Amino acid sequence: MGKLRHFSRLAILASGLVLAVASSAIGQSKHMLFRVRGATGTALYLLGSVHLLTPEAGKLPAAVDSAFANAKIVGFETSIDSLQQRAAELLAKARYANGATLRSSLSPEHVTAIDSIMHLYGLSIAQLNAYKPWFVGLAMSQLVMQRAGFQPQYGVDVQLNQRARDAGKTILGLESVDFQLNLFDSMTPADQELMLLKDKGPAEDAKALELMKSAWLAGDPARLDSLVRTSDAFSPTLQAALVTNRNRSWIPQLEALLGGKDDALVVVGAAHLVGDQGVLALLRAKGYKIEQL
């Protein structure tokens, strides 16, 4: 389950997986959508994003439509358009250079175990020997997503990015594209290897996906946080790099939006909102009142 919660929009370009949950939200009383009010009454809507959805779940709930309509500014983790245009750079970073390979880069004592895990997905070290472990982990997760019918064009951020462009709204990114392109490649070799070694196989990943899906559909941030915290696929340093440090870096930009005159909708991975180090908790600690919609 660990892989399912951390991948940003960047991962779609590499293999398609981010925290992904889907199904119809009809009849749901709450959503992973929150409204924060600034001192002058400016509204900041925070939406926990799912980056891939199944086709039948493509219609966003009315609460999201309303927040989008009210917002003059729409923000994402980074510029989706620019990231897509630079996809080739990401794939270049995923490949080894100077004669290195996946097999030679793994600890000798773990090669057999990791190859066995990859075989559960119909893959092998020989097949993906030119690629770094972080990319291999994403590729394995992509297979799970494909089998479940999840597609990026139905994802929350893709839809809202297109709608924001069509409506002529101001679009902003909380992070630079360069930062996102280097996010996974900056992982230490040990952390990358851990991603593969801790993988429990496609059956367990599919079960974890269903649990995440249920929590998201219920609009239950506490349950979502519990699922995130019980996973062990990432080291504390990697958890900080991929999630908590980024959460803290976004707060000044979110406060700037709250201090402005225009309402804004900001869409980030749902795992970034929950928990005691999540964006919601960090804003509450600064005295902001938050309402779940």
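Charge dipole (Cα centre; +1 on Lys/Arg Cβ, -1 on Asp/Glu Cβ; no other charges) of segment 53-164 amounts to roughly 160 debye.
Along the charge dipole of the chain, pointing to its positive end and built from +1/-1 on Cβ of Lys, Arg, Asp and Glu, which listed residue (Ala62, Gln84, Ile125) has its Cα farthest out? Positive-most Cα among the choices belongs to Ala62. Compared with the dominant Cα axis of the chain, that is its longest principal axis, helix 111-120 is turned about 60°.
For segment 211-224, the Karplus equation 6.51 cos²θ - 1.76 cosθ + 1.60, evaluated at θ = phi - 60°, returns couplings of 5, 4, 4, 4, 5, 5, 5, 7, x, 10, x, 5, 5, 4 Hz by residue, with Gly and Pro reported as x. Residue-wise HN-Hα couplings along segment 250-259, as the Karplus relation 6.51 cos²θ - 1.76 cosθ + 1.60 with θ = phi - 60° gives them from phi, are 7, 4, x, 5, 5, 5, 5, 5, 5, x Hz; Gly and Pro carry x.
The GNM of the chain, with springs linking C-alpha atoms under 10 angstrom apart, assigns the highest mean-square fluctuation among Pro152, Pro189, Pro133 to Pro189. For segment 60-113, a crude dipole built from +1 on the beta carbon of Lys and Arg and -1 on the beta carbon of Asp and Glu, taken about the Cα centre, is about 200 debye to the nearest 20.
A Förster distance of 41 Å, applied to the separation of the beta-carbon atoms of Ser116 and Arg86, puts the FRET efficiency at 0.75. Mind sorting out which of (i) 33, 19, 18; (ii) 41, 25, 16; (iii) 62, 27, 17 is the real semi-axes √(5λ) of the Cα gyration tensor in Å computed from the coordinates? Checked against the structure: label (i).
Taken one residue at a time, the phi angles of segment 59-64 give Karplus couplings (6.51, -1.76, 1.60, θ = phi - 60°) of 7, 6, x, 4, 4, 5 Hz. Gly and Pro are set to x. The residue list Ser141, Ala256, Ser116 was ranked by how far each Cα lies along the charge dipole of the chain toward its positive end, using unit charges on Cβ atoms, and Ala256 comes out on top. With both residues required to sit in the chain, DSSP beta bridges show an antiparallel share near 40%. Taking a ≥ b ≥ c as the square roots of the Cα gyration tensor eigenvalues, segment 47-148 comes out prolate, since a/c reaches at least 1.5 and a/b is larger than b/c. Select from Leu227, Ala203, Leu106 the residue farthest towards the positive end of the dipole of the chain; place +1 on Cβ of Lys and Arg, -1 on Cβ of Asp and Glu, and compute about the Cα centre. The Cα lying farthest towards the positive end belongs to Leu227. Who wins for biggest fluctuation among Val111, Val274, Val243 in a Gaussian network model of the chain, springs between alpha carbons below 10 Å? Checking each option, the largest mean-square fluctuation is seen for Val111. Using the average count of surrounding beta-carbon atoms within 10 Å as a protection proxy, the listed peptides 283-293, 213-223, 244-254 rank, highest first, as 213-223, 244-254, 283-293. Choose one answer from Asp263, Asp157, Asp115: the residue with the largest mean-square fluctuation in a GNM of the chain with alpha-carbon springs under 10 Å. In this elastic network of the chain, the residue with the biggest mean-square fluctuation among Asp263, Asp157, Asp115 is Asp115.
Could you give the size of the charge dipole of the chain about its Cα centre, using +1 on the Cβ of each K and R and -1 on the Cβ of each D and E, expressed in debye and rounded to the nearest 20? Please list the in-between numbers first.
Values: 29 positive and 26 negative charges, 99 e Å.
Dipole of the chain, to the nearest 20 debye: 480 debye.
Every helix of 4 or more DSSP H residues in the chain counts as -39500 (n - 2.57), and over all residues that averages to -13500 deg cm²/dmol at 222 nm.
Bear in mind that the values in this text are calculations on the coordinates, not laboratory data. Remember, it's a predicted structure, so these values are computed and weren't measured experimentally. Here the Cβ is made from the backbone with ideal geometry for all residues, glycine too, and neighbour counts use every protein chain on show.
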